[in-house]
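Accompanying notes for the structure given below.
The values are calculated or read from the model by the stated rules, or taken from the named source; none is laboratory data. Treat the numbers as computed from the prediction; the structure is a model and nothing was measured. Cβ placement follows ideal geometry from the backbone for every residue including glycine, while neighbour counts extend to all protein chains displayed. Calculation scope for accessible area: heavy atoms of the full protein, side chains included, ligands and nucleic acids excluded. Shrake-Rupley method; radii C 1.70, N 1.55, O 1.52, S 1.80 Å.
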Amino acid sequence: MRQSNEEEAPGKPNLNDAGELDYEAALTLTGFGWFHYQLLALCGLIYANTAVSITLISFVLPSATCDFRMTSEDKGWLTAAPMLGMLIGSYFWGCLADTKGRRVVLIATLLLDGIVGVLSTVSQIFPIFLFLRFINGFAITGAMGICFPYLGEFQPTAYREKILCWMELFWTFGIIVLPCIAWIIIPLEFRFKNDDGRVLFGSWNLFVALCSIPSLLLGVWLLRFPESPKFLIECGEGSLALEILKDIFHTNTGRDRSECPIVGLKEPDKGNTIMETHNRSIRTFNIHNPKHMKILSREIWEQTKTLCGPEFRRNTVLACLIQFGITTSYYTLMVWFPELFGRFEEYEKRYPNETVSVCDVSSIVLDNVNGTLVDDFCGTDIDTNVYWHTLLLGFACIPTSLWLPLCVHRLGAKFFLIFSLMVAGAVTVGLSYVGNSTQNLILSCIFEALTSMGISTVYCVMVDLFPTNLRVMAAALSLTFGRGGALLGNILFGFLVDLNCFIPVALFSMMLFGSAILCFFLPNTGTEALE
């Protein structure tokens, strides 16, 4: 990567002989102001929306179990379906965003997530509902993988890392808002039934519908924002990128577009294969045209080979392995924390004032499963403690969500990655030795705060690790590894937690420690202009 303009020529834009500016210098001249704050709000709310979409199924299960007459196997498929959709969708949307543009794909994923989410609320057939939740996962993973690169490509180097790190606060906001909505809506006593007594629409359906509407609203709001100028320059559309930069200048400064000091933009030193071969923007190719689709497929294959080639192989492997370790541990344990909370509560009701570990609780609860501790689940309400514990997990993330953006320039993103993963690994080991539900809740809150900060920091770092034409694809590839690990982790944990509880806990702690060690090999980021 080349050095930032401040280092090359302090106070002077980087001009060539024709008076054209490179992208970093041009972006700096547009100022930093109202446009960037609006864009941060939009991308942050998209990130918060992904937190809601990913975790809402845990609040739906208790009520939907009765309406769909779900068996334990059905519930397993329902929790796995969105994760499988995310696994399949990650790379698909990444490839599309690096060929058709960030904005158009981001709008498509948000609208698809919202429409399918609303449709799932009126589905009366379990296989159809299952398929629609799969599509939800397929769509929302695209939004999660694109919002960081899209936001980062509008930021000057001096602000980019800090702005991206503020996204973690929005994830925390999503985790806090979700149980609040669930706590208000799901306990409502209303059910619309047909003549046969079958429930057509209940409180949990309304909850899913309300959680789907933000995707639609965000997709419509995004229509007001432009495509990434950085991406347009890489596609050979410098004139359009220049017009967008003039609009940003007008929004930030309040001055007329004609006063913008940017007169021209330097073309990239190295264009993509389609530009060099066909002398046209990659965005002009129609995916419905078989001939165009063949060209686009070849370009995607070339980009994938480049991503795995000598120049980027090291960063690609590091990003994928780190995502695999942290995402597997985070999504598996966060899905199972409510179950562990419930087992502790059942035990403490039966044996008050006794100290016992998580693993001992699991075995005792299982020994009493026939009629004593476990009742018929159908028709029971969600325990109030489930909402309260989820809220506490969200509130626990607030300190780290503020610490990250306020201190990232001073300490560096790599420090936050290593620190969060090391401590999270130690906390995971500690889960095996807690003696009561309070200790379990405290460690769970620390784990949630640190691992969620680590995941957001990985997304921030990846914006700097790869060039524009590979940035979203690289993020998507690492997301694919992460989602695959989460799917595998949930299956393994379900099998092992009741057989030998210590094995999965030790396995996930090793993954976190291993990811922290791999972070030492990442380059320092946030100090250079985007390549």
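In the set Phe447, Phe502, Phe513, only one residue is hydrophobic (A, V, I, L, M, F, W, C), modelled with pLDDT of 80 or more, out of contact with any strand residue (DSSP E or B) (no Cβ under 8 Å at 6 or more places or on another chain) and open to solvent by 10 Å² or more (accessible area, probe 1.4 Å); that residue is Phe513.
Determine if segment 104-119 includes at least one residue that is assigned to a loop (DSSP other than H, G, I, E, B) and among the aliphatic types (A, V, I, L, M). No.
Rundown of residues vs (1) open to solvent by less than 20 Å² (accessible area, probe 1.4 Å); (2) closer than 30 Å to Thr157 by Cα, yes/no style:
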{"position": "His36", "(1), (2)": "yes, yes"}
{"position": "Ile54", "(1), (2)": "no, no"}
{"position": "Trp77", "(1), (2)": "no, no"}
{"position": "Ala80", "(1), (2)": "no, no"}
{"position": "Leu84", "(1), (2)": "no, no"}
{"position": "Tyr91", "(1), (2)": "no, yes"}
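Table: residues versus (1) open to solvent by less than 10 Å² (accessible area, probe 1.4 Å); (2) within 30 Å of Asn252 (Cβ to Cβ); (3) modelled with pLDDT of 85 or more; (4) in contact with a Cys (Cβ under 7 Å, 6 or more places away or on another chain).
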| site | (1), (2), (3), (4) |
| --- | --- |
| Tyr150 | yes, yes, yes, yes |
| Leu169 | no, yes, yes, no |
| Gly197 | no, no, no, no |
| Phe201 | no, no, no, no |
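Scanning segment 219-235 for residues that are open to solvent by 50 Å² or more (accessible area, probe 1.4 Å) and over 26 Å from the mean Cα position of the chain (by Cα) yields a total of 0.
In segment 164-184, the residues that are part of a helix (DSSP H, G or I) reach residues that are open to solvent by 50 Å² or more (accessible area, probe 1.4 Å) with C-beta atoms within less than 7 angstrom, at least six apart or across chains, in these pairs: Leu169/Leu402; Phe170/Leu45; Thr172/Ile398; Ile176/Phe395; Leu178/Thr55; Ile181/Leu210.
Inside segment 501-520, residues that are hydrophobic (A, V, I, L, M, F, W, C) and under 17 Å from Ala413 (Cβ atoms) make up a count of 5.
Open to solvent by less than 20 Å² (accessible area, probe 1.4 Å), of a type in the set (Val, Ile, Thr), in a helix (DSSP H, G or I) and modelled with pLDDT of 85 or more, is that true of Thr65? Steps first, please.
Details: open to solvent by less than 20 Å² (accessible area, probe 1.4 Å): yes; of a type in the set (Val, Ile, Thr): yes; in a helix (DSSP H, G or I): yes; modelled with pLDDT of 85 or more: no.
No: the conditions fail for Thr65.
List every residue pair whose Cβ atoms lie under 7 Å apart, where the two residues are 6 or more positions apart in sequence or sit on different chains, the first residue falls within segment 416-444 and is in contact (Cβ under 8 Å) with a residue 24 or more places away in the chain, and the second residue, located anywhere, is among the basic types (Lys, Arg). Correct list of pairs: empty, since none qualify. Screening Phe138 on (1) over 17 Å from Thr480 (Cβ atoms); (2) touching a helix residue (DSSP H, G or I) at 6+ places or on another chain (Cβ under 6 Å) shows it passes everything except condition (1).
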